[in-house]
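Working notes, beginning with the structure itself.
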Amino acid sequence: MTIIPKERKQRKNKQVADEKAPLLPSKHQEEEFDEFNGGSYTGAVFNLSTTIVGAGIMALPATMKVLGLVPGILMIVFMAFLTECSIEMLLRFSKAGKTVSYGELMGETFGKYGRIALQACVVVNNVGVLIVYMIIIGDVISGTSASGTHHSGILEGWFGVHWWNGRFFVLLFTTLGVFAPLACLKRVDSLRYTSALSVALAVVFVIITAGITIVKLINGSIAMPRLIPEVPNLTSVWNLFTVVPVLVTAYICHYNVHPINNELEVPSQIQSIVRSSLALCSTVYVTTSFFGFLLFGDSTLDDVLANFDTNLGIPYSSLLNDAVRVSYALHLMLVFPIIFFALRLNMDGLLFPTAGPLSLDNKRFAMISTGLIAIVFVGANFIPSIWDAFQFTGATAAVCIGFIFPAAITLKDPHRVATRKDKIISIFMIVLAVFSNLVAIYSDAYALIKKNSSSPVS
């Protein structure tokens, strides 16, 4: 996990000790441990896959428009390989130092401030991600006019405009009826069923997109897609680099690897679980990118979901559009708790670094959970510039979590277990992450300045 762990479990396959807890657990703790025999392999794969596949899936088809199909697909596969390398490094160093969380490993390597830096990055990243998820859910279900043009939401299209399908009420109902109950679960393994359903809904989106594409291919209404990028001028070369941040952050899941591992019945399975999750997500990413770009071609928008707001040119187009949007909104609702789980533990680590296990303190658990849910809700409803802010902070925090921190641990090599190959890969990861950050910051700043300069002065 991303904090010095406060929940350590003792099982026949693995013993985990809390440095702040007594050497022997209390009777209450023993009873809590006895009723949980460890997480399953399948549940762990779904939880880690759900951590990876969030809103980013909708941005990947647009990367194909810039890079072309062949380089784009190769980049998706390459980033999965690089992510696997970074997670393997974290797990290897954790094993060598007998640490059971990402935060504890950072603390062991770089001291208190290393741990705090990681916790702060996870909090910033996850708060931003969850606010964006809630904004998207509101846009899909109740509609939006943020771009100046009104796009009807699902409920508005079905029932017309009413007070109960307005944005505020929809998000309030979703928060109280879906997010809050799921946020009350204290174990990551408890989310395995919602995670499985979340992955299934992502697959539903892929199947619908593939089906529409195949129908249009049979009709002959799809043109040959661009296989390689077009670079007629210097601006086109720069555009190639603007997709790097999307690809670099596509597989960020590092903050949930340790808590999933800590709950496994057979902890030695974690490497296989990571590979299975990355393989599953890579398949979803590649098929989404391939069929999404094949379907919409050069008309592919930055968020491909927006392409499903128009006539697809096939029978039952409106029904299929609604099916895509409903499945995607439900998918994000079920991704929310797995991201929130890491956010709550890291916030607890920042606010109460010397307190006991969070799961055993119901008052603290409820206070942090309620506060964080309220922050996300307010951010999604009342802060119009929140998306612009997290375009900067989100990309920076995500690449630190996924690549800069694992690479820095490997280069410092506190236990002398890193190979020459590890250090070469680590240097490459840092260069890629820094470059990705610079590109993201520059492109976002340029877009923001251009947007403000083109706005009419009142």
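The values are calculated or read from the model by the stated rules, or taken from the named source; none is laboratory data. All values derive from a computational prediction rather than experimental measurement. When we count neighbours, we look across all protein chains shown, and the Cβ atoms used for this are built from the backbone with ideal geometry, even at glycine. Heads up: the accessible areas ignore ligands, DNA and RNA and are worked out on the full protein's heavy atoms, side chains in. Shrake-Rupley method; radii C 1.70, N 1.55, O 1.52, S 1.80 Å.
For residues in the range 357-395 being open to solvent by 50 Å² or more (accessible area, probe 1.4 Å), at pLDDT below 90 and among the hydroxyl-bearing types (Ser, Thr, Tyr), which is nearest to Cys253 (Cα to Cα)?
Thr393
Taking the criterion of being at pLDDT 80 or above, within 22 Å of Val399 (Cβ to Cβ) and in a loop (DSSP other than H, G, I, E, B), would at least one residue in the range 256-265 satisfy it? If you could, list the steps in order and put the result at the bottom.
Initial filter on the range 256-265 (at pLDDT 80 or above): 256-265.
Still in the list and also within 22 Å of Val399 (Cβ to Cβ): 256-260.
Within this subset, residues satisfying the condition of being in a loop (DSSP other than H, G, I, E, B) are none.
No, the range 256-265 contains no residue that is at pLDDT 80 or above, within 22 Å of Val399 (Cβ to Cβ) and in a loop (DSSP other than H, G, I, E, B).
When you check Asn307 against the structure, is it without any contact (Cβ under 8 Å) to a residue 60 or more places away in the chain, open to solvent by 20 Å² or more (accessible area, probe 1.4 Å), out of contact with any His (no Cβ under 8 Å at 6 or more places or on another chain) and over 18 Å from Val70 (Cβ atoms), yes or no? Explain how you work it out, then say what you get.
On the way: without any contact (Cβ under 8 Å) to a residue 60 or more places away in the chain: yes; open to solvent by 20 Å² or more (accessible area, probe 1.4 Å): no; out of contact with any His (no Cβ under 8 Å at 6 or more places or on another chain): yes; over 18 Å from Val70 (Cβ atoms): yes.
For Asn307, the condition - without any contact (Cβ under 8 Å) to a residue 60 or more places away in the chain, open to solvent by 20 Å² or more (accessible area, probe 1.4 Å), out of contact with any His (no Cβ under 8 Å at 6 or more places or on another chain) and over 18 Å from Val70 (Cβ atoms) - is not met.
Kindly establish whether Ser236 is of a type in the set (Ser, Thr, Tyr), out of contact with any helix residue (DSSP H, G or I) (no Cβ under 7 Å at 6 or more places or on another chain), assigned to a helix (DSSP H, G or I) and modelled with pLDDT of 80 or more. Talk me through it step by step, then tell me what you get.
On the way: of a type in the set (Ser, Thr, Tyr): yes; out of contact with any helix residue (DSSP H, G or I) (no Cβ under 7 Å at 6 or more places or on another chain): yes; assigned to a helix (DSSP H, G or I): yes; modelled with pLDDT of 80 or more: no.
No.
Name, by its number, the condition in (1) within 26 Å of Leu82 (Cβ to Cβ); (2) in a helix (DSSP H, G or I); (3) touching a residue at least 12 places away in the same chain (Cβ under 8 Å) that does not hold for Ile252.
(2)
Name the helices (runs of 4 or more DSSP H) wholly within the range 154-233 that hold at least 3 residues that are of a type in the set (S, T, N, Q) and either at pLDDT 90 or above or open to solvent by 30 Å² or more (accessible area, probe 1.4 Å) (or both)?
Details: elements: 154-159, 167-174, 180-183, 192-219.
Hits in the range 154-233: 192-219.
Can Ala418 be described as under 22 Å from the mean Cα position of the chain (by Cα) and either open to solvent by 50 Å² or more (accessible area, probe 1.4 Å) or within 19 Å of His254 (Cβ to Cβ) (or both)?
Numbers: under 22 Å from the mean Cα position of the chain (by Cα): no; either open to solvent by 50 Å² or more (accessible area, probe 1.4 Å) or within 19 Å of His254 (Cβ to Cβ) (or both): yes.
No; evaluated as a whole, the condition is false for this residue.
Could you say whether any residue in the range 287-295 is open to solvent by 50 Å² or more (accessible area, probe 1.4 Å) and at positive phi? Before you say what the answer is, go through the steps one by one.
Here is the first cut: in the range 287-295, the ones open to solvent by 50 Å² or more (accessible area, probe 1.4 Å) are 290.
Applying the additional criterion that residues be at positive phi yields none.
The answer is no, given that none of the residues of the range 287-295 is open to solvent by 50 Å² or more (accessible area, probe 1.4 Å) and at positive phi.
What pairs can you find where one residue is in the range 340-368 and more than 19 Å from Gly394 (Cα to Cα), the other is among the polar types (S, T, N, Q), and their Cβ atoms are less than 6 Å apart, with a gap of 6+ or different chains?
Within 6 Å, the pairs are Gly349/Gln119.
Would you point out which residue out of Thr283, Thr288 is under 30 Å from Pro406 (Cβ atoms) and either free of Cβ contacts under 8 Å to residues at least 24 places away in the same chain or touching a strand residue (DSSP E or B) at 6+ places or on another chain (Cβ under 9 Å) (or both)?
On inspection, the qualifying residue turns out to be Thr283.
Counting only residues that are in a helix (DSSP H, G or I) and either closer than 15 Å to Ile137 by Cα or under 10 Å from the mean Cα position of the chain (by Cα) (or both), how many does the range 49-62 have?
Within the range 49-62, the subset in a helix (DSSP H, G or I) is 49-52, 55-58, 60-62.
Imposing the further condition that a residue be either closer than 15 Å to Ile137 by Cα or under 10 Å from the mean Cα position of the chain (by Cα) (or both) reduces the set to 49-52, 55-58.
Residues meeting the conditions: 8.
Does the range 285-304 contain any residue that is closer than 11 Å to Ala80 by Cβ, in contact with a helix residue (DSSP H, G or I) (Cβ under 8 Å, 6 or more places away or on another chain) and assigned to a helix (DSSP H, G or I)?
As a first pass, look at the range 285-304 and keep what is closer than 11 Å to Ala80 by Cβ: 285-286.
From what's left, in contact with a helix residue (DSSP H, G or I) (Cβ under 8 Å, 6 or more places away or on another chain): 285-286.
Subset that is assigned to a helix (DSSP H, G or I): 285-286.
Yes, the range 285-304 contains a residue that is closer than 11 Å to Ala80 by Cβ, in contact with a helix residue (DSSP H, G or I) (Cβ under 8 Å, 6 or more places away or on another chain) and assigned to a helix (DSSP H, G or I).
Name every residue in the range 310-338 that is within 13 Å of Gly54 (Cα to Cα) and open to solvent by 30 Å² or more (accessible area, probe 1.4 Å), in order of residue number. Reasoning before the result, please.
Initially, the range 310-338 is screened for residues within 13 Å of Gly54 (Cα to Cα), giving 327-338.
Result: Leu330, single match.
Restricting attention to the range 127-135, does a residue exist that is small (Gly, Ala, Ser) and either more than 26 Å from His331 (Cα to Cα) or surrounded by fewer than 23 Cβ atoms within 10 Å (Cβ to Cβ) (or both)?
Going through the range 127-135, the residues small (Gly, Ala, Ser) turn out to be 128.
After this cut, where a residue has to be either more than 26 Å from His331 (Cα to Cα) or surrounded by fewer than 23 Cβ atoms within 10 Å (Cβ to Cβ) (or both) as well, the list is none.
The answer is no, given that none of the residues of the range 127-135 is small (Gly, Ala, Ser) and either more than 26 Å from His331 (Cα to Cα) or surrounded by fewer than 23 Cβ atoms within 10 Å (Cβ to Cβ) (or both).
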